[in-house]
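**Q** After the structure tokens below, expect a handful of questions from me.
The values are calculated or read from the model by the stated rules, or taken from the named source; none is laboratory data. Remember, it's a predicted structure, so these values are computed and weren't measured experimentally. Reconstructed Cβ throughout: ideal geometry from the backbone, glycine too, with neighbour counts over all protein chains shown. Accessible surface areas use protein heavy atoms only, side chains included; no ligands, DNA or RNA. Shrake-Rupley method; radii C 1.70, N 1.55, O 1.52, S 1.80 Å.
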Number of protein chains: 2
Amino acid sequence: MALIVQKFGGSSVADAAGLARVADRVAATKRAGNDVVVVVSAMGDSTDELLDLAAAITSEPPAREMDILLTAGERISMSLLAMAINARGVPARSYTGQQAGVLTDTAYGRAQIKQMAPERIVRSLAEGQVAIVAGFQGVNDDNDVTTLGRGGSDTTAVALAAALKADVCEIYTDVDGIFTADPRVVPTARRIPVITTEETLELAAHGAKILHLRAVEFARRYNVPLHVRSSFSDLEGTWVRNPTKEDPMEDPIIAGVAHDASQGKITVLGCPDRPGVAARIFHVCAAADANVDTIVQNVSSDSARTDISFTLPMDQAKSTLAALEAAEDDLGFTGLTYTESIGILSLVGAGMRTHTGISATLFGALFEAGVNIHMISTSEIRISVVVAAEDLPAALKAVHAAFDLDASTTEAVVYGGTGR
Amino acid sequence: MALIVQKFGGSSVADAAGLARVADRVAATKRAGNDVVVVVSAMGDSTDELLDLAAAITSEPPAREMDILLTAGERISMSLLAMAINARGVPARSYTGQQAGVLTDTAYGRAQIKQMAPERIVRSLAEGQVAIVAGFQGVNDDNDVTTLGRGGSDTTAVALAAALKADVCEIYTDVDGIFTADPRVVPTARRIPVITTEETLELAAHGAKILHLRAVEFARRYNVPLHVRSSFSDLEGTWVRNPTKEDPMEDPIIAGVAHDASQGKITVLGCPDRPGVAARIFHVCAAADANVDTIVQNVSSDSARTDISFTLPMDQAKSTLAALEAAEDDLGFTGLTYTESIGILSLVGAGMRTHTGISATLFGALFEAGVNIHMISTSEIRISVVVAAEDLPAALKAVHAAFDLDASTTEAVVYGGTGR
């Protein structure tokens, strides 16, 4: 008997059939002798429908009212799911974020969890009930409803699992787990059976879509084992956890390859090569709300000047370029260029710490594939390269193969072939 | 400057245009220097849509979950209305029943208000904001959401007005006020400018659809002046209030004529004419959940036996007849008849207490119109007659005219001619 937190996203509960499927799974988990807490998102497109309603009223809705509006979606899905589970003879109760004790700050739309006080959930479990909790929402010190922003339901689930000391937090999705690469781009990608939270963070931060950074950070900090798996099958998915002394998780050298095709590259040409210039450039970017990712300072032939390149989400490029132009006199650079068609490939693996030759193999594979490298950046367990957007698929396949990540034919059928 | 509670039903906020119209009115009331509290129902058919979602899941939803589900509707309408009012430059905040301090018992689906604790609403008003409160919902001692059942939003509005000592509780509707009869049946009906709560209770209890009994009872007990008026015009509507010593409200003898075409009549023939028989019959009816309305015990030619007739909602007739048949041996009656096609006309007026001759005028008018009377029952300020269903329209017109309730042509144009 275990305490299991199960999180289901909006696509899993999009309609009555989806709710029935989820209810069957929850009821089976409970009947198997487990205590079960379910975290649920709003049904399918219902959040978008609420956004449309608000857009028909005003283009500038107050954030507090927007959060009250949006939390109606989970209120609907959680009560319907409770009805469906009760209809299967398993007692279930649904709880709002407020009732479940999800206490947040007052940053409407992107609230941070300050404290978890799930006394009612504990009581519900003690009474033999499945406890269903609305994802994505909490309550602040004023007893006002808040939403947690993107990835909010995953975060609710992990935070509850941490507070309840759950044995596992199961994140249900429409794929079979976390893959060594995006199978839509790299058909030979295979499911990763076990991966560290650290590696998962690097993959998620560099384009892998499967889990939200914030939920993984929470899982790492509070040592919550995650099991990312398909809501359409009973197959094992991917276990995400911190290594322990007892079980050091003999890492493969490389966990996987992420890619990100949503960024553009700005190069600031001819910056005065003296201390503080880079700081001033990125101060201007930050003031323009740019999420700067990879940064490279190139060696310049003119020793008194240098070029600084960085990547950022494409939709932030225009405002950032305008901010830099406005500060041209102050920053003293000689020119600005912007490249939209770039792709970023990130090789991630905790084994990089102790293995040598990784970058040589990486660059060799890209050379063999005829891919030119524009920028390189590294962290302790990651190497990212910026390439031309049109080279990205070939680069991913070449690197995936070079590090022996390709699935055998059998594995590909079992793990790679369903429900994607 | 006054403190005004304004209640808007689902048809007033059915879409963005309706929300805009309501927001304009609220903003104007606030700009005129008043403190404004708004109580709002769910948008249009949204409650029915939520009921359909639940019906697709299970035929027996737990009442607690049903209440959580249904309260999503007001959460949506109240936050959208707050956005619309803010967009007009008037600060507004929306509050759930729980936030507004609507404390109820635990009777899900038909909760009773135990206490009002609207501290947040008081604070919101003090900060110059319009406070918008979700109608129909409250919270119980377990911090679980409850709904107040039929007429719940009216009840929320009146309870808030009482707790806040509001100067008036305005109930917005799609007609111009309370009329001397249903204008669809009696075209000469006119708007009643002022009516007592007591008369309103009798009219509402006998088929007038304009206000819910429960809200009027609340208004009477806590002395809250109601103003029932149209959300489509700025015309004065109908003021509903308790008479005071300073302002004794010189009553017209008759306030109005209500009608009810939703009832059927059961007659229990040949009951033993001895004490306790009627009690046992109505005990059987109560056990069958019948809402018995008018009761008449007829004089029988056989002095040892008597006939007892009563009316009840048509949809309760079948189960009630079955229950009476099952108890035939115990009750000792000789037969049962059921008549579906009856109509009930109720003449209501506080002036009946002090004026004589009312019933003579009533019966005279019905005789002149050729209407046969099946049953008669009276209260202190009401006379009800049961007639054949097909006679009801003629009976209403005749009685309306006989008591000088018909509008002059001018009045009919001003008060009776719009927005019905």
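**Q** Among the residues of the stretch A:70-91 satisfying the criterion of being open to solvent by 10 Å² or more (accessible area, probe 1.4 Å) and facing chain B (nearest Cβ under 8 Å), which is farthest from A:Gly149 (Cα to Cα)?
**A** For the stretch A:70-91, the residue satisfying everything is A:Ala87.
**Q** Suppose we filter the stretch B:46-59 for residues that are outside any helix (DSSP H, G or I) and at the interface with chain A (Cβ under 7 Å from one of its Cβ atoms); how many remain?
**A** Going through the stretch B:46-59 one residue at a time, the tally reaches 1.
**Q** Something else now. Going by the structure shown, is A:Gly276 in the same structural domain as A:His400 (by TED's automatic domain parsing), exposed (fewer than 13 other Cβ atoms within 10 Å of the Cβ) and without any contact (Cβ under 8 Å) to a residue 40 or more places away in the chain?
**A** Answer is no for this residue.
**Q** Given the conditions (1) touching a strand residue (DSSP E or B) at 6+ places or on another chain (Cβ under 7 Å); (2) within 12 Å of chain A (Cβ to nearest Cβ); (3) part of a loop (DSSP other than H, G, I, E, B), which single one is not true for B:Asp67?
**A** Of everything listed in (1) touching a strand residue (DSSP E or B) at 6+ places or on another chain (Cβ under 7 Å); (2) within 12 Å of chain A (Cβ to nearest Cβ); (3) part of a loop (DSSP other than H, G, I, E, B), B:Asp67 misses just condition (3).
**Q** Quick one: which residue in B:Ala166, B:Ala181, B:Ala189, B:Ala215 is open to solvent by less than 20 Å² (accessible area, probe 1.4 Å), touching a residue at least 60 places away in the same chain (Cβ under 8 Å) and farther than 20 Å from B:Gly256 by Cα?
**A** None of the others qualify; the one that does is B:Ala166.
**Q** Further, regarding this structure: Taking the criterion of being more than 9 Å from chain B (Cβ to nearest Cβ), without any contact (Cβ under 8 Å) to a residue 24 or more places away in the chain, out of contact with any Pro (no Cβ under 7 Å at 6 or more places or on another chain) and among the acidic types (Asp, Glu), would at least one residue in the stretch A:112-123 satisfy it?
**A** Looking through the stretch A:112-123, at least one residue is more than 9 Å from chain B (Cβ to nearest Cβ), without any contact (Cβ under 8 Å) to a residue 24 or more places away in the chain, out of contact with any Pro (no Cβ under 7 Å at 6 or more places or on another chain) and among the acidic types (Asp, Glu).
**Q** Could you count how many residues in the stretch A:92-103 are away from chain B (no Cβ under 11 Å) and either modelled with pLDDT under 95 or surrounded by fewer than 24 Cβ atoms within 10 Å (Cβ to Cβ) (or both)?
**A** 1
**Q** Consider the stretch A:47-72. How many of its residues are under 24 Å from the mean Cα position of the chain (by Cα) and either within 22 Å of A:Val36 (Cα to Cα) or among the acidic types (Asp, Glu) (or both)?
**A** Final tally of qualifying residues: 3.
**Q** Which ones in the stretch A:43-64 are among the aliphatic types (A, V, I, L, M) and either open to solvent by 30 Å² or more (accessible area, probe 1.4 Å) or under 28 Å from A:Val22 (Cα atoms) (or both)?
**A** Listed by number, the residues that qualify are A:Met43, A:Leu50, A:Leu51, A:Leu53, A:Ala55, A:Ala56, A:Ile57, A:Ala63.
**Q** Let me ask you something else. Among the residues in the stretch B:40-57, are any in contact with a strand residue (DSSP E or B) (Cβ under 6 Å, 6 or more places away or on another chain) and at pLDDT 95 or above?
**A** Yes, the stretch B:40-57 has at least one match.
**Q** Grab the strands (runs of 3 or more DSSP E) fully contained in the stretch A:70-130, keeping just those with 2 or more residues being of a type in the set (A, V, I, L, M).
**A** A:102-104, A:113-116
**Q** Give B:Ser124, B:Ser77, B:Ser94 a once-over and let me know the one that is closer than 16 Å to A:Arg75 by Cα and more than 22 Å from the chain's Cα centre (by Cα).
**A** Result: B:Ser77 is the single residue among B:Ser124, B:Ser77, B:Ser94 that is closer than 16 Å to A:Arg75 by Cα and more than 22 Å from the chain's Cα centre (by Cα).
**Q** Out of all the residues in the stretch B:132-139, is one or more under 15 Å from B:Ser77 (Cβ atoms), within 12 Å of chain A (Cβ to nearest Cβ) and open to solvent by 40 Å² or more (accessible area, probe 1.4 Å)?
**A** no
**Q** In addition: With A:Val22, A:Val36, A:Val5 as the choices, which residue is open to solvent by less than 10 Å² (accessible area, probe 1.4 Å) and within 14 Å of chain B (Cβ to nearest Cβ)?
**A** It is A:Val22.
**Q** State whether the residues of the stretch A:154-162 include one that is of a type in the set (Asp, Glu) and surrounded by fewer than 21 Cβ atoms within 10 Å (Cβ to Cβ).
**A** no
**Q** Further, regarding this structure: Before we move on, is A:Thr334 under 29 Å from A:Glu199 (Cβ atoms) and open to solvent by 20 Å² or more (accessible area, probe 1.4 Å)?
**A** no
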